[in-house]
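Colleague: This is the structure I want to talk about, given as structure tokens.
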Amino acid sequence: MNNTVKFKIDGNIVTAEKGQTIVEAAHAAGIYIPTLCNFKGVKPKGCCRMCSVKINSRYMTACTTPVSDGMEVENNIDELVDMRKSIIELMFVSGNHFCPSCEKSGNCELQALGYRYQMLVPRFPFSFPQKGIDASSPKIMKDQNRCIMCKRCMKTIKDENGKNYFAFKNRSNKVEVVLDAEMGKTMPDDLAKLAMENCPVGSIIYKEIGYNEPIGTRKYDKTPIGSEIEV
Amino acid sequence: MPKKITIEPVTRVEGHGKVTIQIDDFGNVRDSRLHIVEFRGFERFVQGRPYWEAPVLVQRLCGICPVSHHLAAAKALDVIVGAGTGTGLTAVGEKMRRLMHYGQFFQSHVLHFFHLSAPDFLFGIDGDPLVRNIIGIAQEHPDLAVQGVMMRKFGQEVIRLTAGKKIHGTGAIPGGINKNLSIAERDELLKGADPLNADKMVEWSVGALDFFKNYHKNNQEMVDGFASFPSNHLSLVREDGALDIYHGVLRAVDNDGKKILHDVDYQEYDKYIEEEVRSWSYMKFPYLKDLGKDKGWYRVGPLARLNTCDFITTPLAQKEFEEFKAYTNGKPNGMSLHMHWARLIETLHSAEVIRDLLNDPDLQNEDLVTKGSKLHKGVGVIEAPRGTLFHHYEINDLDQITLANLIVSTTNNNQPMNTAVNLTANAFMNGQREITEGMMNAVEVAIRAYDPCLSCATHAMGQMPLEVSLVNEANEIIHRRTK
Ligand code: SF4
Ligand code: FES
């Protein structure tokens with residue numbers, strides 16, 4: 001039985017395995033499609049739209065769409081580049097992302113995408129929302145100023161019974177991803193570190209690590225995000 | 001009927017000030033005030049933030065000396081993380097921070113001298129503003145201009161290699177530093193191609209000092225007499241009395257050189273120093289509690305440091321220090337323009353210290369951080385280029401900042417600057433009914449000697465934008481002059 005699929009990204013033929021998503025197939029083939037909410041090992045939900053591509057003139061999220069034979073995907077075209085840039089800008093203006101003093105700087109995916117897409121001044125007005133910081137856990141801080149609500153923490157940080165440490169609270173424009181107050185107090189060390197690692201931005205901070213990593217050795221100091229995928 | 005003259009620098013950034021001079025019908029100066037609008041929102045802003053963020057966050061207070069804020073905050077947090085009060089760090093931790101600080105000191109002092117003061121010396125206080133700037137220097141004294149640019153660049157390289165970036169780096173962290181200096185980095189500074197190496201910096205610092213001393217010799221009356229007044233002086237000194245801009249105890253002396261603050265631990269600075277609020281100014285007026293508001297104000301900065309310390313640890317700067325002290329027979333020096341002399345001696349000292357530190361193998365050690373049991377309060381004090389800088393933080397059990405109090409150098413110099421402006425107003429304006437170019441320049445030069453942030457911010461090209469208005473009691477403008 002033939003398990004491979006052939007399709008095109010920006011005119012280039014890509015061979016993929018059946019059942020792979022476009023993002024998986026593209027990345028395996030060395031073609032970068034930017035992602036944020038998508039996370040290895042968890043079922044994609046398509047909530048950030050960073051990975052938007054065009055298939056038969058329709059916008060689709062590449063992290064949720066499976067590949068199929070003969071599919072023609074548009075990825076690196078001006079229209080999509082600008083759209084992705086506008087999504088990044090929207091995330092910047094809807095939170096309080098003060099990169100210069102954020103300890104995730106240099107390791108932050110949102111910041112790295114901002115650089116990759118050459119965001120200078122966002123086209124949207126800043127909303128400067130009033131946000132707080134939850135420091136009640138002895139292990140981590142949850143800084144709501146920086147949360148982009150990608151749900152990566154909700155999907156990956158669970159206790160041994162599968163119970164979530166993080167969950168949505170409130171509705172509409174008041175919605176926030178919060179840490180369960182009780183579970184936060186007894187959070188094991190390795191899980192706390194993993195939570196910080198899995199958060200693409202600086203919303204989950206493992207306490208007292210701070211700026212231990214010098215400028216110059218951080219993940220995106222030398223090469224832009226995506227260059228680890230591109231061939 | 002008294003009239004008011006307002007000199008208002010029109011600024012491009014947040015720090016801005018204006019001078020109001022009140023004269024009566026006969027043109028006699030009755031009063032003068034220097035208003036500085038200072039950004040104080042910061043102390044509220046950091047509340048609730050994780051304590052370790054402070055050293056990186058506070059640098060944003062100032063685009064001119066961010067390293068001083070970075071280090072003062074880090075020193076306060078050393079106390080909080082149980083690394084002691086300034087002497088508890090590992091050798092590499094303390095020495096990397098010192099290197100960063102002396103690098104910042106060097107570049108800041110150089111900037112002040114070459115870009116801000118040298119134009120006045122070369123072209124005269126009332127020289128044509130069109131040439132009285134760094135561009136004018138570049139045209140008439142190209143070698144001097146090149147030295148200014150290269151010395152500044154060297155200082156910035158020292159900062160980059162210690163803090164990670166030329167501006168707003170992250171090098172100092174609570175309890176130590178996040179990187180040491182590799183051999184390759186060290187050699188970049190120690191053996192850099194001419195002129196970017198430590199030896200050249202020492203040589204050029206000596207040259208800059210000679211330049212000033214020569215100017216002084218030819219203009220003694222002006223340099224000595226301009227805005228000269230008695231005052232107290234305050235700074236950190238090393239425990240043995242040596243000049244130390246990174247760490248030490250607080251010492252203040254009066255106009256006769258008598259100690260009025262006896263080498264105290266700055267963790268208790270609020271036991272000795274009080275800040276007065278005056279209705280007409282956003283900026284507070286600090287004073288020594290023991291002496292009270294009227295007698296307790298003090299000067300900080302280069303002049304104050306050389307007035308409080310007993311000696312300097314590096315040989316060339318010590319030799320210059322002896323000459324400087326001899327000029328006033330060992331007594332404190334109260335002459336505002338001698339600030340430049342003191343600043344250049346410190347520049348030389350910084351160059352010598354940088355060179356010596358670079359030769360110290362401790363900088364390649366790997367034990368970067370020290371920590372102990374946590375405390376809830378920490379105070380960090382450092383000698384910023386412009387003078388003593390206080391950072392005080394308190395935290396809760398959840399590691400959030402609950403209180404921040406800062407006394408910045410310019411605030412410490414608030415009363416001295418007001419005094420200098422007043423003296424200048426009296427000397428240059430009494431009996432005059434018109435605002436002359438010379439008057440405006442004189443006031444500007446008096447303020448600039450103290451190198452307040454506003455002067456750097458508004459004055460990078462050698463000309464402080466000013467608006468001078470003469471108004472009567474009914475606030476009607478009689479005469480206005482701008483430049
Ligand atoms: S905390 Fe981080 S991982 Fe969780 S939703 Fe917010 S941005 Fe995503
Ligand atoms: S990465 Fe596909 S929608 Fe977020």
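The values are calculated or read from the model by the stated rules, or taken from the named source; none is laboratory data. Since the model is a prediction, treat every value here as computed from it, not as a measurement. A quick note on method: Cβ atoms are made from the backbone with ideal geometry, for glycine too, and the neighbour counts reach across all protein chains shown. Each accessible area value is taken on the protein alone, full model and side chains, heavy atoms only, with ligands, DNA and RNA left out. Shrake-Rupley method; radii C 1.70, N 1.55, O 1.52, S 1.80 Å.
Colleague: Residue pairs, Cβ under 8 Å, 6 or more apart or interchain, first in region A:35-47 and of a type in the set (V, I, T), second outside any loop (DSSP other than H, G, I, E, B). List them.
Modeller: A:T35/A:V23; A:V42/A:R152; A:V42/A:K155; A:V42/A:T156
Colleague: Looking at region A:40-58, which of the residues that are open to solvent by 50 Å² or more (accessible area, probe 1.4 Å) and within 11 Å of ligand 2 (Cβ to nearest atom) is nearest to A:R116 (Cα to Cα)? Talk me through it step by step, then tell me what you get.
Modeller: Here is the first cut: in region A:40-58, the ones open to solvent by 50 Å² or more (accessible area, probe 1.4 Å) are A:40-41, A:43, A:45, A:47, A:49, A:56-58.
Of the ones still in play, those that are also within 11 Å of ligand 2 (Cβ to nearest atom) are A:45, A:47, A:49.
Working: A:K45: 24, A:C47: 21, A:R49: 16 Å.
Applying the filter and picking the extreme gives A:R49.
Colleague: Does A:V175 fit the bill of being away from ligand 2 (no atom under 16 Å from the Cβ), modelled with pLDDT under 95, under 22 Å from A:P34 (Cα atoms) and among the β-branched types (V, I, T)?
Modeller: The answer is no for A:V175.
Colleague: Return yes or no: is B:E221 modelled with pLDDT of 85 or more, surrounded by fewer than 16 Cβ atoms within 10 Å (Cβ to Cβ) and not in a loop (DSSP other than H, G, I, E, B)?
Modeller: The answer is yes for B:E221.
Colleague: Okay, moving on. Of B:H112, B:H69, which residue is under 30 Å from B:V445 (Cα atoms), outside the structural domain of B:M339 (by TED's automatic domain parsing) and crowded, with 23+ Cβ neighbours inside 10 Å?
Modeller: Matching residue, one of B:H112, B:H69: B:H69.
Colleague: Continuing with the same structure: Among all residue pairs at least 6 apart or on different chains, which show Cβ distances below 6 Å where the first residue, located in region B:399-422, is closer than 30 Å to B:S373 by Cα and the second is of a type in the set (A, V, I, L, M, F, W, C)?
Modeller: B:Q400/A:A135; B:I401/B:V46; B:I401/B:I395; B:A404/B:V46; B:I407/B:F390; B:V408/B:L389
Colleague: Filter region A:127-143 down to the residues that are aliphatic (A, V, I, L, M) and buried (at least 21 other Cβ atoms within 10 Å of the Cβ), then identify the one that is nearest to the other protein chains (Cβ to nearest Cβ).
Modeller: A:A135
Colleague: Now a separate question. Might you check whether a residue that is over 22 Å from A:L36 (Cα atoms) and out of contact with any strand residue (DSSP E or B) (no Cβ under 6 Å at 6 or more places or on another chain) occurs anywhere in region A:148-157? Walk me through how you get there before you give the answer.
Modeller: Going through region A:148-157, the residues over 22 Å from A:L36 (Cα atoms) turn out to be none.
No: zero hits.
Colleague: State all residues of region A:126-166 that are basic (K, R), near ligand 1 (Cβ under 8 Å from one of its atoms) and outside any loop (DSSP other than H, G, I, E, B); if no residue qualifies, say none.
Modeller: A:K142, A:R146, A:R152
Colleague: Moving on to the next point. Is it the case, given these coordinates, that A:D180 is farther than 27 Å from A:M83 by Cα and in contact with a Phe, Trp or Tyr (Cβ under 6 Å, 6 or more places away or on another chain)?
Modeller: yes
Colleague: Quickly run through region A:188-205 and pick out the residues that are surrounded by 19 or more Cβ atoms within 10 Å (Cβ to Cβ) and either within 14 Å of chain B (Cβ to nearest Cβ) or more than 13 Å from A:K158 (Cα to Cα) (or both).
Modeller: A:A192, A:M196, A:C199, A:P200, A:V201, A:G202, A:S203, A:I204, A:I205
Colleague: Can you name the residue in region A:61-83 that is under 17 Å from the mean Cα position of the chain (by Cα) and without any contact (Cβ under 8 Å) to a residue 40 or more places away in the chain and is also farthest from ligand 2 (Cβ to nearest atom) among such residues?
Modeller: Residue satisfying both the conditions and the ranking: A:V81.
Colleague: If you don't mind, another one. Let me confirm something: among A:K185, A:K222, which residue is free of Cβ contacts under 8 Å to residues at least 24 places away in the same chain and away from ligand 2 (no atom under 16 Å from the Cβ)?
Modeller: On the way: A:K185 fails: free of Cβ contacts under 8 Å to residues at least 24 places away in the same chain.
The conditions single out A:K222.
Colleague: Still on this structure: Counting just the residues of region A:59-91 that are farther than 16 Å from A:E24 by Cα and of a type in the set (G, A, S), which one comes out surrounded by the most Cβ atoms within 10 Å (Cβ to Cβ)?
Modeller: Only one residue fits best here, namely A:S86.
Colleague: Could you please find all residues in region A:167-187 being within 12 Å of ligand 1 (Cβ to nearest atom) and farther than 18 Å from A:C150 by Cβ?
Modeller: none
Colleague: Being open to solvent by less than 30 Å² (accessible area, probe 1.4 Å) and hydrophobic (A, V, I, L, M, F, W, C) is the filter here, so list the residues in region B:409-439 that pass it.
Modeller: B:M417, B:A420, B:V421, B:A425, B:M429, B:I435, B:M439
Colleague: Among the residues that make up region A:210-224, is at least one of them exposed (fewer than 14 other Cβ atoms within 10 Å of the Cβ), within 14 Å of ligand 1 (Cβ to nearest atom) and more than 14 Å from chain B (Cβ to nearest Cβ)?
Modeller: no
Colleague: Can you tell me which condition A:S127 does not meet? The list is (1) more than 16 Å from ligand 2 (Cβ to nearest atom); (2) touching a strand residue (DSSP E or B) at 6+ places or on another chain (Cβ under 9 Å), and all the others hold.
Modeller: (2)
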